[in-house]
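Any read-out appearing in this document is the output of simple, stated calculations on the displayed coordinates, not a laboratory observation. This one's a predicted model, so the numbers in the text were calculated from it and none came from an experiment. Note that each Cβ is placed from the backbone with ideal geometry, even for glycine, and that neighbours are counted across all protein chains shown.
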Amino acid sequence: MHTYLLAVRTGLFAQGRFLGKVLDEWVDDTQEFIRSKLPHLVVAAIIAFALYRLLNIITARMVRIAEQHAAAHNRIAQVKTMAGVIRATGLAIIITLVTMQFLAAVGVNLAPLLASAGIAGVAIGLAAQNIVRDGDGTLYVIPNSQITTVANLSIDYSVATVNVSVDFSANPDSVMKMLQSIATDIRNSEEFRNLFVEDPKVLGLDAVRGSEIIFPVVFKTEATRQYGPIREFRRRVRLALEENHLLPGDPGRVYRASLDPASATVAAHSHATQTENDPTTAKAPEGNPFTGD
């Protein structure tokens with residue numbers, strides 16, 4: 001190297017001339033870089049490589065522990081997603097730090113760059129929006145400044161309540177046994193048995209509205225997997241109501257009632273006649289049960 005430099009230090013590169021001064025400064029800068037800055041960059045590269053290896057070990061261990069101990073597949077998928085996010089974020093931070101060290105070593109002023117990055121971050125943060133897609137394909141755009149609560153529907157489990165409405169004339173105990181039997185059959189069916197987290201529950205007679213009584217039935221399934229079982233439950237309830245000659249509930253259905261013994265005899269005879277037919281085809285008498293009108 002020194003022989004080459006001595007050879008070229010003639011003519012335009014002679015000492016004291018412009019190109020000679022440039023050559024001298026280049027040699028000085030190279031020596032300074034090799035003596036003081038290159039070891040710093042080597043150490044930074046070694047530390048960055050060690051951090052990257054540590055990051056891979058931690059994320060791989062997260063996934064391995066989840067696969068060994070997590071019972072639900074969705075939990076394993078969530079851990080894998082989180083591990084991927086941590087790995088990508090950590091790698092981006094490591095690369096950024098190493099790049100900044102290199103730029104500082106070659107003499108780049110980082111102050112304007114950092115200031116520009118900060119301004120860009122603020123602008124992106126103000127303009128960024130959360131985009132949420134509904135199950136029917138609707139796209140909801142929510143500005144970040146307006147987000148106060150976030151509901152996660154795809155974590156751990158889902159709970160769905162089906163309110164079954166039956167006519168007031170039905171025996172509540174019989175209806176509860178029928179609903180529990182249907183829900184249990186669905187719970188144990190080949191198609192849906194792996195979706196349930198707990199056995200379905202019939203909570204009892206929850207409300208009376210006009211001539212309808214309402215029985216809530218609760219299904220607890222894996223996250224976002226409740227739709228199939230409750231659809232099948234509704235289908236079987238419809239068939240069971242017809243099979244057991246039960247009317248579905250209707251808050252607008254009104255029965256005529258009277259305390260007069262003669263009228264009560266007529267009403268009893270009329271009721272006996274109607275019970276011989278399928279009540280799903282019978283038209284309920286209209287009137288106000290409190291005034292007799």
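Quick look at the numbers
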{"read-out": "Inter-label distance, nm, simple model (7 Å from Cα along the C-beta direction), E198/E67", "value": "3.2"}
{"read-out": "Packing-based exposure ordering (other Cβ within 10 Å, fewest first) of S158, S174, S169", "value": "S174, S169, S158"}
{"read-out": "Least to most buried among R35, R187 (fewest other Cβ within 10 Å first)", "value": "R35, R187"}
{"read-out": "Packing-based ranking, highest mean first, of 91-101, 240-250 given that Cβ atoms within 10 Å are counted", "value": "240-250, 91-101"}
{"read-out": "Furthest towards positive pole of dipole, L239, L203, A160, structure part the stretch 157-243, Cβ charges", "value": "A160"}
{"read-out": "Cα extents of the stretch 157-243 along the three principal axes, largest first (Å)", "value": "37, 24, 17"}
{"read-out": "Coordinate range along principal axes, alpha carbons of the stretch 32-109, Å, largest first", "value": "59, 20, 7"}
{"read-out": "FRET efficiency for D250 and Y227, using Cβ-Cβ distance with R0 set to 22 Å, rounded to 0.05", "value": "0.25"}
